[in-house]
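A.B. asks: Submitted below is the structure of interest, expressed as structure tokens.
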Protein chains: 2
Amino acid sequence: MKFCSQCGAGVERRVPAGDSLPRYVCPQCGVIHYQNPNVVVGVIPQWQDKVLLCKRAIEPRHGLWTLPAGFLENDETTLQGAMRETLEEANARVELLDLHTLFNLPHVNQVYVMFRGNLLDTDFGPGEESLEVALYEEKDIPWGELAFPVIEQTLRLYFQDRKSGRFSIHTGDIIKLPGEGRRFETRMLPKK
Amino acid sequence: MKFCSQCGAGVERRVPAGDSLPRYVCPQCGVIHYQNPNVVVGVIPQWQDKVLLCKRAIEPRHGLWTLPAGFLENDETTLQGAMRETLEEANARVELLDLHTLFNLPHVNQVYVMFRGNLLDTDFGPGEESLEVALYEEKDIPWGELAFPVIEQTLRLYFQDRKSGRFSIHTGDIIKLPGEGRRFETRMLPKK
């Protein structure tokens, strides 16, 4: 951020009075421009013993597999956003059942909120952001070609719950390890 | 938003190619300025049969009671943010136990994520944004002087769970009803 979006003056980076963190502040009109994490909402769409995955047609991670998910928009709820993304990316309609995971991804300033849902029919197909959409049993999931660690963790918890016969809600962090390369650690909030 | 924060040119409001919603777009440098909901994180700090509430020293809802909560910052997890807000607003330290509620507030573009936590000691007191901080039993909660509907709903679910002997995670929407005045409807995702 270089310019004030309200008055067009050049912004300064400083800690405002009464605050503890540096912000972009406009020296001309005084507006403080806060920057905060985004919410990503998505669905684990289930059909019998399978789940629906999408092959990404966009960067990042073009050509790799993911669950239908995307940024929550203004004026919608996380449930509405999750269903919208499933329709946009997979032309699929779901009935949402319950919250499944809340994952923090502080290295990209994202909070992932994933719901479990029942596919209403198998009349699905790739939207503009997908190359391919398909149903996978656990043993056939392309584990080595998943787009993001949060998607792998979400799927592993889902199948673990399904085996146990009881779905619960999981809260955790996906932490990027220091250094080059894509190395991550998952830390779950212990279940009480 | 009137000016591009990257190059300072005046922005336009239009639907970008491949998108479905109007955005602020810079006609000079091409940057699309997305605007998305914010996450509010907070805690229900419990001590024996009481919970800790803060009397707001800031607008909106100055002088009314709330749970410690505030906007999630970049580079932190929801758990870290919830503990930070509890320290800032009530000078109180908590051990977080579990996620308690995820509420959508689409009328203000916020997602509330509230955790249940144990106060580590009773050495608390008002931070800069609080006039007063106090422990309340259920029967003494100032129900008529709570700052926000989401706080009232969160507290009602908390005490309901406590009576049932089992804490669960609740997902729902707080919807502002049309017309003048502060009238809201709560819609919970049914529990499976």
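The values are calculated or read from the model by the stated rules, or taken from the named source; none is laboratory data. Nothing here was measured: the structure is a model prediction, and the numbers come from that model. Using ideal geometry, Cβ is built from the backbone for each residue, glycine included, and neighbour counts are taken over all protein chains shown. Note: areas computed on protein heavy atoms with side chains; ligands, DNA, RNA excluded. Shrake-Rupley method; radii C 1.70, N 1.55, O 1.52, S 1.80 Å.
A.B. asks: Mind checking which pairs have a first residue in the range A:113-124 that is touching a residue at least 40 places away in the same chain (Cβ under 8 Å) and a second that is open to solvent by less than 50 Å² (accessible area, probe 1.4 Å) and assigned to a loop (DSSP other than H, G, I, E, B), Cβ under 8 Å, 6 or more apart or different chains?
C.D. replies: Here the result reads A:VAL113/A:LEU72; A:MET114/A:LEU67; A:LEU119/A:ALA92; A:PHE124/A:ALA92, each pair linking the range A:113-124 to a residue that is open to solvent by less than 50 Å² (accessible area, probe 1.4 Å) and assigned to a loop (DSSP other than H, G, I, E, B).
A.B. asks: Just for the range B:110-130: of the residues that are in contact with a Gly (Cβ under 9 Å, 6 or more places away or on another chain) and more than 10 Å from chain A (Cβ to nearest Cβ), which one is farthest from A:LYS191 (Cα to Cα)?
C.D. replies: In this case the residue turns out to be B:TYR112.
A.B. asks: Show the residue pairs meeting these rules: Cβ distance below 7 Å; 6+ apart or different chains; first residue within the range B:174-192 and more than 14 Å from chain A (Cβ to nearest Cβ); second residue in a loop (DSSP other than H, G, I, E, B) and loosely packed, with under 10 Cβ neighbours inside 10 Å.
C.D. replies: Partner pairs satisfying both residue conditions: none exist.
A.B. asks: Quick check on my filter: what residues within the range A:114-133 are aliphatic (A, V, I, L, M) and crowded, with 17+ Cβ neighbours inside 10 Å?
C.D. replies: Within the range A:114-133, A:MET114, A:LEU119, A:VAL133 qualify.
A.B. asks: Looking at the range B:116-163 only, could you name the residues that are part of a helix (DSSP H, G or I) and hydroxyl-bearing (Ser, Thr, Tyr)?
C.D. replies: Listed by number, the residues that qualify are B:THR154, B:TYR158.
A.B. asks: Something else about it: Cβ-Cβ distance below 6 Å, separation of 6 or more or different chains: which pairs start in the range B:144-158 with a residue that is more than 18 Å from B:GLU132 (Cα to Cα) and end on one that is surrounded by 21 or more Cβ atoms within 10 Å (Cβ to Cβ)?
C.D. replies: Here the result reads B:PRO149/B:ILE174; B:VAL150/B:PHE103; B:VAL150/B:TYR112; B:VAL150/B:ILE174; B:THR154/B:THR101; B:THR154/B:MET114; B:LEU157/B:HIS170; B:TYR158/B:ILE44, each pair linking the range B:144-158 to a residue that is surrounded by 21 or more Cβ atoms within 10 Å (Cβ to Cβ).
A.B. asks: For residues that are more than 25 Å from B:MET188 (Cα to Cα) and among the small types (Gly, Ala, Ser), scanning just the range B:60-107, find the one that is nearest to the chain's Cα centre (by Cα).
C.D. replies: B:ALA90
A.B. asks: Taking A:GLY165 as the residue in question, decide whether it is out of contact with any helix residue (DSSP H, G or I) (no Cβ under 7 Å at 6 or more places or on another chain), within 14 Å of chain B (Cβ to nearest Cβ) and farther than 14 Å from A:VAL41 by Cα.
C.D. replies: yes
A.B. asks: Any chance you could count how many residues in the range B:64-109 are more than 7 Å from chain A (Cβ to nearest Cβ), open to solvent by 40 Å² or more (accessible area, probe 1.4 Å) and not in a loop (DSSP other than H, G, I, E, B)?
C.D. replies: Within the range B:64-109, residues that are more than 7 Å from chain A (Cβ to nearest Cβ), open to solvent by 40 Å² or more (accessible area, probe 1.4 Å) and not in a loop (DSSP other than H, G, I, E, B) number 8.
A.B. asks: While we're on this one: Of all residues in the range A:16-62, how many are within 23 Å of A:HIS107 (Cβ to Cβ), touching a residue at least 60 places away in the same chain (Cβ under 8 Å), among the basic types (Lys, Arg) and part of a strand (DSSP E or B)?
C.D. replies: 1
A.B. asks: Out of (1) within 11 Å of chain A (Cβ to nearest Cβ); (2) over 23 Å from B:GLY127 (Cα atoms); (3) in contact with a strand residue (DSSP E or B) (Cβ under 6 Å, 6 or more places away or on another chain), the odd one out for B:VAL39 is which?
C.D. replies: (2)
A.B. asks: Only one of these conditions is not met by A:ARG13: (1) outside any strand (DSSP E or B); (2) more than 15 Å from the chain's Cα centre (by Cα). Which number is it?
C.D. replies: (1)
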